[in-house]
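Data block below; observations after.
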Amino acid sequence: MLFILAFVNTNGGNMKKLKKILTLTAALSLLGMTFISCATTDDSNPETKKPQNPVTPEPAEDDEPYTDITGTKTSTVKAEGDENADIQIVMCGDSIMRTYDPADGDETGWGQVLQFYFDSGVYVNNTLSNGGRSSKSFYYEKGRWENVKSILSERQTTGKKTYVFINFGHNDQKYSGNGSTFMNYATYAKENPEGWADVTYTKESNVLDSYDPSTAPDNGTYQDFLQKYIDETKALGGIPVIFSPFVRCDVSGGKVTDKGAHNLTAVYANETTARGNYAEAAKETAEANDVTFVDITQLTRDYVDSAVAAGKEKFVYWPNDNTHVRTLGALKICELAMSGIKTEIPELASHAVTPDARILADANTIDFGRIYPANSTVKSFKVSAFNVTEGKITITAPKGYTVSLSENSGFAKTLEIDTDSSYFGDNVYIKFEPSAVAEYNYNLQVTHSSVTPDFGNTPVGSMSDNILLIALTGAGKQKAEGGQDYEVTWPMIDSANKACYTATVDPEGVVSPAVAVIGSGLKETTYKNDYVNGKPRTRFCNSTEDWAGAKDENTYVEFKLPASSASVIVNQITLELASSGTGNMRWDILYSTNDDFSSPVTIVQGGQGTAIDKDGATSANCNEVLTEFKSDTDMGMSIQGKTLTVRVYPYMKSADPGKGSNRMIMFGDVKITGIVQ
């Protein structure tokens, strides 16, 4: 047998490769085969077969190369019910109960997930509860309580059973110094010593836009409005159920305070009496009317106390918010509410089911931006568990990334987390550490030994069988040193105030930008001066008249730098944007260097009021006011031989049918700057 082995540079990480080759050689020799090798790279690693950047070749990494997988887009926190069920529950409540769009992130209402707790014999109707509503405003606002009564009347004629779940209190407690707007929400718990007889219902806020001006609202207490709901529900054959409000995370000494439990003993400025105890008022009203009462306040107070004791309250509550809840919090409110429902209402108890156990992640994609090779940056997401009593979460990091439960240490390719009945969740930290000038767009994998994970109420993400995939995007960037500076500008309007999609280049001829295009979901409309500096700007409205409440793939404005044989570096992307005719428009700004716009990188998500750009700045409200949105200040992104595509996707905070021509996005200058080497 001929047996020749040549191996160069056996230092460091290549020692492991030498061991592999020797093992393979020995195995082949047993089969009487000859093995000859003269390579220093591991051809079994598919990463080494990819074309590499000529400036910094990427070394092979890891003994076992990460195999990325493609999943199916899915979002699972949507309980489906049968609208024709014999029993219907109509939910009447505020932001703690309402249904949230996945674009709102992991924020979830308990009415959104209550259907999981019932079989097909019960339909949970959560179409009417909404944020900002008090017992008072829900009663008078068009399309709220009047719609509940219509449902009750219709079902009364068919003989079908209808329960009305009534859960207010948070917004009844609001205080503001701006007069009647505050009074339109507010109630005292039991007695109203202020009178508030001068309430006016002019158009002072979004909540008042749809009040019926022919109705003269009285200024009753929280108890008074609960009484109205009870009386009018019973009169139409329905069955009212009163719930006290979910606790706020107002904590002192490791416990939820009385104020957090809605017992307001301090007097607001310009008032003479404290508002009182709303949970107690709800209980007294229910008992006085022989109506089922569920004390969510006390039940959730005990639960939140346990979360605080474990240091895990932020797995229940929305970030920077002591009132609204994540998917885990909403599921837990339902579980606790069901304990009272099953005890007090045998008919509903007979249809109760136990929801599936869940492992929840609060992110479907994480963008690490572009950093220089050999540097690192760390970001995190939350993983939590509901109804999970045992097992292990396994998190596997892709090429270029590692994971840990600590922000500063312990990073590895795989992380394992034990789960039991006491497990709330963990912050999982991801370190991005590129070794070369290259794209690192892969999936983080999350699995559990017995439960299929999902994304909670986050935007739609990917699943592959029982593996949850979190898309990680990042790149090692190239130092942009030397060469010709360039600036590409799409002014979007010309000197005659006409839309202009053709870019200018300074200096001319350095790069060749394409003419901007609009997707089929948009159409050009009249220009308008922006509010602050009076410059004329181009506006686009929806071409179908129906604005969606989330990003639509056909509704965008697109800007391109086509592929070039020159060494083109992009250092920054800057866009001037505003809404026009609404403060509820949002937009996502993405870019990609793939011809099919796959694996796009986010510059801004949910622009206008909520957007955070790469420099960490939060945008102001951009209604009629052009605001700059920027990528990294030094992207250092080589696009030699590639086409850079930038897209702006406008949409509404919530679906807005019939308003396509009245809700517009306004463009100022769009710029791309960099150098050609």
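Looking only at residues in region 627-677 that are among the polar types (S, T, N, Q), in contact (Cβ under 8 Å) with a residue 60 or more places away in the chain and not in a loop (DSSP other than H, G, I, E, B), the one that is farthest from ALA438 (Cα to Cα) is THR673.
Residue-level analysis places GLY482 among those that are out of contact with any helix residue (DSSP H, G or I) (no Cβ under 9 Å at 6 or more places or on another chain) and not in a strand (DSSP E or B). Here the condition is being crowded, with 19+ Cβ neighbours inside 10 Å, under 30 Å from the mean Cα position of the chain (by Cα) and under 18 Å from VAL388 (Cβ atoms); of LEU299, LEU331, it holds for LEU331 alone. For region 232-256, residues that are surrounded by fewer than 20 Cβ atoms within 10 Å (Cβ to Cβ) and assigned to a helix (DSSP H, G or I) total 3. Applying the condition of being hydrophobic (A, V, I, L, M, F, W, C) and not in a strand (DSSP E or B) to region 496-510 and asking which residue is surrounded by the fewest Cβ atoms within 10 Å (Cβ to Cβ) yields ALA496. In a residue-by-residue description of region 445-466, the property of being open to solvent by 10 Å² or more (accessible area, probe 1.4 Å) and in contact with a helix residue (DSSP H, G or I) (Cβ under 7 Å, 6 or more places away or on another chain) applies to at least one position. Count of region 484-493 residues, restricted to those that are open to solvent by 60 Å² or more (accessible area, probe 1.4 Å) and either among the β-branched types (Val, Ile, Thr) or more than 37 Å from the chain's Cα centre (by Cα) (or both), is 2. GLY111 passes every criterion in (1) of a type in the set (Gly, Ala, Ser); (2) in a loop (DSSP other than H, G, I, E, B); (3) touching a helix residue (DSSP H, G or I) at 6+ places or on another chain (Cβ under 9 Å) apart from (2).
Being farther than 21 Å from GLY461 by Cβ, open to solvent by less than 20 Å² (accessible area, probe 1.4 Å), under 22 Å from the mean Cα position of the chain (by Cα) and not acidic (Asp, Glu) is a condition met by at least one residue of region 302-321.
For region 511-595, list the strands (runs of 3 or more DSSP E) that sit wholly inside it and hold at least 2 residues that are buried (at least 22 other Cβ atoms within 10 Å of the Cβ); which are they?
536-542, 557-561, 568-580, 585-592
Looking only at residues in region 216-231 that are touching an Asp or Glu at 6+ places or on another chain (Cβ under 9 Å) and part of a loop (DSSP other than H, G, I, E, B), which one is most open to solvent (accessible area, probe 1.4 Å)?
ASP218
The values are calculated or read from the model by the stated rules, or taken from the named source; none is laboratory data. Keep in mind it's a predicted model, so treat the numbers as computed, not measured. Here the Cβ is made from the backbone with ideal geometry for all residues, glycine too, and neighbour counts use every protein chain on show. In case anyone asks, the SASA skips ligands and DNA or RNA and just uses the protein heavy atoms, side chains included. Shrake-Rupley method; radii C 1.70, N 1.55, O 1.52, S 1.80 Å.
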